[in-house]
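Have a look at the structure below, then the notes.
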Amino acid sequence: LFPYTTLFRSSNIFKPSDLDPNYKQNMSQGAIGRQILIMNEELLRYKTSIREKHNLELLLGLSINKEQNHGIGGWGKAGPSDNIYYYDPDINMDVYNYGFGATEKWKATRLYRSDFREKVMVSYFARFGYNCKQRYLLEGTIRRDGSSTFGEDHKWADFPSIAVGWAFSEENFMKWAHWLDWGKLRASYGTSGQIFTDEYL
């Protein structure tokens, strides 16, 4: 399994000077963004049954996820005309006094910013399952995750779990219970972790 997703987005916004009640300045704003998602998952599964009584299943897996976000954008104020919707820095002023009198407040009339963020996660996992006559169940899993969002000194972490179960509805003494199609008791214990949404927390 190797899905690859790319998302593009762009926007252009122009606000004429009539919409600026204070300074009567138009504004042109634009942004372009791109998001890349890559995932690779490999699975190896083995199943066998001994005398149709003892059933074994083994699953091994590898998962790789990568997410990249690129973005550029900016805005410019005080264009030469409301009929020109795009901003040319060569013909527009750099700063403007947004104050008055003794309280001068000079600010830039344009802004540009760019950004790049990336998250990567690699996981190895294995699962062992056993059941006897589909009644008595045992399952164990182990997962080892490495993530760029984990702490600097803890880039890898292990997450084991174990579970036991009993399908009591398959026992002979439950045959009289025609109102019950299937019933199972299950107990499990395991550990889990947290993947932070912030790439550089």
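The values are calculated or read from the model by the stated rules, or taken from the named source; none is laboratory data. Computed from a predicted model, the values in this text were never measured in an experiment. Here the Cβ positions follow ideal geometry from the backbone for every residue, glycine too, while neighbour counts run over all protein chains shown. To get the accessible areas, we keep the full protein, side chains included, count just its heavy atoms, and leave off ligands, DNA and RNA. Shrake-Rupley method; radii C 1.70, N 1.55, O 1.52, S 1.80 Å.
Values computed for the structure shown
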| item | result |
| --- | --- |
| Identity of the residue in the range 151-176, among the hydrophobic types (A, V, I, L, M, F, W, C) and part of a loop (DSSP other than H, G, I, E, B), that ends up most open to solvent (accessible area, probe 1.4 Å) | Trp176 |
| Any hit, the range 122-133, residues being loosely packed, with under 14 Cβ neighbours inside 10 Å, touching a residue at least 40 places away in the same chain (Cβ under 8 Å) and either over 22 Å from the mean Cα position of the chain (by Cα) or farther than 30 Å from Met39 by Cβ (or both) | yes |
| Some residue of the range 46-58 being touching a residue at least 24 places away in the same chain (Cβ under 8 Å), touching a Gly at 6+ places or on another chain (Cβ under 6 Å) and open to solvent by 50 Å² or more (accessible area, probe 1.4 Å) | yes |
| Odd one out for Arg117, checked against (1) surrounded by 15 or more Cβ atoms within 10 Å (Cβ to Cβ); (2) within 37 Å of the chain's Cα centre (by Cα) | (1) |
| Of all residues making up the range 11-45, the number that are more than 14 Å from Trp75 (Cβ to Cβ) and either among the β-branched types (Val, Ile, Thr) or surrounded by fewer than 11 Cβ atoms within 10 Å (Cβ to Cβ) (or both) | 7 |
| Residue within the range 117-129 that is modelled with pLDDT of 90 or more, more than 30 Å from Leu43 (Cα to Cα) and of a type outside the set (Val, Ile, Thr) present | no |
| Filtered residue count, the range 89-113, keeping only those that are touching a strand residue (DSSP E or B) at 6+ places or on another chain (Cβ under 8 Å), more than 10 Å from Lys77 (Cβ to Cβ) and open to solvent by 60 Å² or more (accessible area, probe 1.4 Å) | 8 |
| Contacts under 8 angstrom Cβ, first residue in the range 146-173 being more than 29 Å from Arg186 (Cβ to Cβ), partner hydroxyl-bearing (Ser, Thr, Tyr) and in a strand (DSSP E or B), 6 or more apart | Gly146/Ser123; Lys155/Ser147 |
